[in-house]
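*Asks:* So that we are looking at the same thing, I have put the structure below in structure tokens.
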Amino acid sequence: MTVRISNTAPMLELFQDAAGLKNAAGNPRNKQIVLRILQETARLIEELDISDDEFWVGVEYINRLGKSNEAGLLAAGLGVEHFLDLLNDAKQAEAGRTGGTPRTIEGPLYVAGAPLSQGYARMDDGAEDDVATPMFVEGQILDLQGQPIAGALVDLWQADSQGNYSHFDKSQSEFNLRRRIVTDAEGRYRARSIVPSGYGCNPQGPTQECLNQLGRHGQRPAHIHFFVSAPGYEHLTTQINLSNDKYLWDDFAYATRDGLIGEVHFIDDQALAAAHEVAGRFAQLSFDFQLRPAANPEAEQRSNRPRAFQEE
């Protein structure tokens, strides 16, 4: 028999007091959120008959999750970050604001302050010249009418050939595979990079531990992250998932969406390789982005999500 006390007057009073609703200090919005969390947690414990042991195992798991800095990774892995994208899509569709390149998850591995270039940048530091396949990425930033947006800022970041990101992987140089490129008069951006590898969650980490309990893998396809912005246009957070990857439509983070598949073309032409100043096989990827006009100045800015900053 399920015993329920969460809706009784004494419990409602307890949760209101715990959430600070009986005092005038603090933040009213946060009080509202905490009250709801307390009420829903109590209902969850009752409805699923969660034992004391299960509860405290969960608390200990949350401690380990925070200590490992994987809360953002788990939010992606459980589909919550994708849900936020779909909710924002639905809100904008309701307001009649559609079109443009789809958004998708940011992920937890952005680092602010990457080197800024005009029109073109080489993203990698050359450390993997003997093992990685060079890749040339280019495209245009366009408005909804297909007109180029000059002076747009393309902020892109990706993993190396082992699936690791600079800053978080201390063996890589500062800002390796992270650049900001300002588009030229035709709205074009160009970058020389390497073909990235997909990656998996740390097998010993708390995110993979949770996924194991759910019978799920923690693998991502190869991809390149983008922030794209320009004055007067909505900020776009998105990523290109590379074609032909094993996990393209089986991404544990649910980031793959129609309209965000980058067709990678591998070229084995020595003359073309020489023209691109590389030796042997290389890859090309072309991808254009379309931005929507911003409804207000706030829409031009990315979210205030906490992010890593490169140390000076």
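The values are calculated or read from the model by the stated rules, or taken from the named source; none is laboratory data. Since the model is a prediction, treat every value here as computed from it, not as a measurement. Methodologically, a virtual Cβ is constructed for each residue, glycine included, from the backbone with ideal geometry; neighbour enumeration extends over all protein chains shown.
*Asks:* Anything in the range 1-37 that is of a type in the set (Lys, Arg) and closer than 21 Å to Asp49 by Cα? List them, or say none.
*Replies:* Result: Arg4, Arg36.
*Asks:* Let me ask something additional. Kindly check whether there is at least one residue in the range 136-156 that is charged (D, E, K, R), in contact (Cβ under 8 Å) with a residue 24 or more places away in the chain and under 16 Å from Gln239 (Cα atoms).
*Replies:* Among the residues of the range 136-156, at least one is charged (D, E, K, R), in contact (Cβ under 8 Å) with a residue 24 or more places away in the chain and under 16 Å from Gln239 (Cα atoms), which makes the answer yes.
*Asks:* Just give me the residues in the range 275-294 being in contact with a Phe, Trp or Tyr (Cβ under 8 Å, 6 or more places away or on another chain) and assigned to a loop (DSSP other than H, G, I, E, B), in sequence order.
*Replies:* Within the range 275-294, His276, Arg281, Leu291, Arg292, Ala294 meet the criteria.
*Asks:* Test of understanding: among Thr2, Thr41, which residue is assigned to a helix (DSSP H, G or I), of a type in the set (S, T, N, Q), farther than 30 Å from Tyr110 by Cα and outside the structural domain of Leu211 (by TED's automatic domain parsing)? Show your work before the answer.
*Replies:* Values: Thr2 fails: assigned to a helix (DSSP H, G or I).
Going through Thr2, Thr41 in turn, just one is assigned to a helix (DSSP H, G or I), of a type in the set (S, T, N, Q), farther than 30 Å from Tyr110 by Cα and outside the structural domain of Leu211 (by TED's automatic domain parsing): Thr41.
*Asks:* Being surrounded by fewer than 17 Cβ atoms within 10 Å (Cβ to Cβ) and touching a Ser or Thr at 6+ places or on another chain (Cβ under 9 Å) is true for just one of Val131, Val137. Which residue is that?
*Replies:* Val131
*Asks:* Within the range 249-280, work out how many residues are in contact (Cβ under 8 Å) with a residue 60 or more places away in the chain, loosely packed, with under 15 Cβ neighbours inside 10 Å and at positive phi.
*Replies:* Residues meeting the conditions: 1.
*Asks:* Identify, please: which residue in the range 218-274 is of a type in the set (Val, Ile, Thr) and part of a loop (DSSP other than H, G, I, E, B) and is, among those, nearest to the chain's Cα centre (by Cα)?
*Replies:* Thr256
*Asks:* Of all the residues that make up the range 201-228, how many are crowded, with 22+ Cβ neighbours inside 10 Å and under 25 Å from Pro297 (Cβ atoms)?
*Replies:* Number of matching residues: 3.
*Asks:* Out of curiosity, is Asn88 assigned by TED's automatic domain parsing to the domain that holds Gln301 and either in a helix (DSSP H, G or I) or of a type outside the set (Ser, Thr, Tyr) (or both)? Quick ask: steps written out before the conclusion?
*Replies:* Working: assigned by TED's automatic domain parsing to the domain that holds Gln301: yes; either in a helix (DSSP H, G or I) or of a type outside the set (Ser, Thr, Tyr) (or both): yes.
Against the criterion (assigned by TED's automatic domain parsing to the domain that holds Gln301 and either in a helix (DSSP H, G or I) or of a type outside the set (Ser, Thr, Tyr) (or both)), Asn88 qualifies.
*Asks:* Moving to a separate point now. Name the single residue, out of those in the range 81-91 being of a type outside the set (D, E, K, R) and under 16 Å from Ser303 (Cα atoms), that is surrounded by the most Cβ atoms within 10 Å (Cβ to Cβ).
*Replies:* Here is the first cut: in the range 81-91, the residues of a type outside the set (D, E, K, R) are 82-84, 86-88, 90.
Checking which are under 16 Å from Ser303 (Cα atoms) leaves us with 82-84, 86-88.
Numbers: His82: 20, Phe83: 12, Leu84: 15, Leu86: 13, Leu87: 10, Asn88: 11.
That would be His82.
Each row is one residue, and each column tells you yes or no for (1) among the charged types (D, E, K, R); (2) within 25 Å of Thr207 (Cα to Cα).
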{"position": "Gln118", "(1), (2)": "no, no"}
{"position": "Asp125", "(1), (2)": "yes, no"}
{"position": "Ile141", "(1), (2)": "no, no"}
{"position": "Gln162", "(1), (2)": "no, yes"}
{"position": "Ser166", "(1), (2)": "no, yes"}
{"position": "Gln172", "(1), (2)": "no, yes"}
{"position": "Gly187", "(1), (2)": "no, no"}
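*Asks:* Moving to a separate point now. Could you tell me which of the residues Leu211, Leu260 is in the same structural domain as Asn176 (by TED's automatic domain parsing), at pLDDT 95 or above and within 19 Å of Ala71 (Cβ to Cβ)?
*Replies:* Just one listed residue meets the conditions, Leu211.
Table: residues versus (1) in contact (Cβ under 8 Å) with a residue 60 or more places away in the chain; (2) on the phi > 0 side of the Ramachandran plot; (3) over 29 Å from the mean Cα position of the chain (by Cα).
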residue	(1), (2), (3)
Pro10	no, no, yes
Gly20	no, yes, yes
Asn30	no, no, no
Thr41	no, no, no
Glu46	no, no, yes
Asp53	no, no, yes
Val59	no, no, no
Ser68	yes, no, no
Ala75	no, no, no
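*Asks:* Follow-up question, since we're still on this one. Give me the residue from the range 92-106 that is within 16 Å of Asp143 (Cβ to Cβ) and small (Gly, Ala, Ser) and, out of that set, surrounded by the fewest Cβ atoms within 10 Å (Cβ to Cβ).
*Replies:* Filtering the range 92-106 for residues that are within 16 Å of Asp143 (Cβ to Cβ) and small (Gly, Ala, Ser), the one surrounded by the fewest Cβ atoms within 10 Å (Cβ to Cβ) comes out as Gly99.
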